[in-house]
Amino acid sequence: MNSQWTTTSPQETRDVAVELLPRIQEEGLLLLKGDLGAGKTCFVQGLAEAMGIDDPVTSPTYGLIKEYGDPPRLVHADLYRLTHAEEYWEIGLEEWREQPGVVCVVEWPERVPDVWSASTLCLTLEQDAKQESVRQLTLSTGDPS
Ligand code: ADP
Ligand code: MG
């Protein structure tokens with residue numbers, strides 16, 4: 001399976017999400033790393049679309065977490081505004097992570113580095129220094145292989 005992609009538009013980033021959905025569903029959890037504007041939320045929009053979720057996906061503001069689908073099948077957390085690590089335990093993500101069949105995606109997982117296992121699936125998005133619409137997407141599993 002691919003572990004690296006270069007995308008040149010938001011649509012291409014959403015297409016990678018479609019391609020990765022089965023793998024993410026298998027794992028139940030995906031971490032999304034990258035600077036502001038790298039395309040993390042754009043990727044989550046692609047996932048939602050691929051899951052047949054009609055609600056528009058935006059950055060969760062209130063409570064840092066938002067559920068989509070009926071029953072909730074996609075849980076989107078953005079930890080950027082987490083003020084202290086203890087707050088992680090209050091937003092409910094830990095409970096969602098235990099639910100079978102729910103896909104959890106997390107922006108800014110670096111805010112609480114200790115709550116993810118080393119083998120957690122992780123996608124890093126990087127904006128090209130020269131080309132405005134180019135992004136490098138790299139998938140890692142934390143496995144040593
Ligand atoms: P993040 O959640 O990482 O802060 P967003 O997904 O909210 O970033 O924003 C990404 C912005 O970059 C959007 O305005 C999107 O239209 C733009 N963009 C331009 N090219 C790409 C690309 N190849 N992939 C994803 N987003 C892109
Ligand atoms: Mg975002």
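No value in this document is a laboratory result; all are computed from the given coordinates. Note that the coordinates shown come from a computational prediction; the quantities given were computed from them, not determined experimentally. Counting neighbours? That spans all protein chains shown, and the Cβs are built from the backbone with ideal geometry, glycine included.
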Using only helices, what value at 222 nm comes out for the chain when you add -39,500 (n - 2.57) per DSSP H run of length 4 or more and divide by the total residues, to the nearest 500 deg cm²/dmol?
-7500 deg cm²/dmol
Volume in Å³ per residue [convex hull over Cα atoms, computed for region 72-111]:
62 Å³
Rounded to the nearest 20 debye, what is the charge dipole size of region 23-145 about its Cα centre when +1 sits on each Lys and Arg Cβ and -1 on each Asp and Glu Cβ?
320 debye
Pairwise label distance in nanometres, Arg81 with Lys130, each label 7 Å out on the Cα-Cβ vector
3.8 nm
Taking Cα atoms, how many degrees apart are the long axis of helix 10-27 and the longest axis of the chain, rounded to 10 and kept between 0 and 90?
50 degrees
Counting other beta carbons within 10 Å of each Cβ, put Lys130, Lys66 in order, fewest first.
Lys130, Lys66
Kirkwood hydrodynamic radius (Cα pairs, Å) of the chain?
15.3 Å
Value of relative contact order over region 10-145, rounded to a whole percent, pairs C-alpha under 8 Å and six or more apart:
30 percent
Student exercise, region 22-81 dipole from Lys, Arg, Asp, Glu Cβ charges, in Debye to nearest 20:
240 debye
Normalised by the number of residues in region 1-65, what is the relative contact order in percent for Cα pairs under 8 Å and 6+ residues apart?
35 percent
Cα centroid of region 85-145 to Cα centroid of region 1-57, whole Å:
12 Å
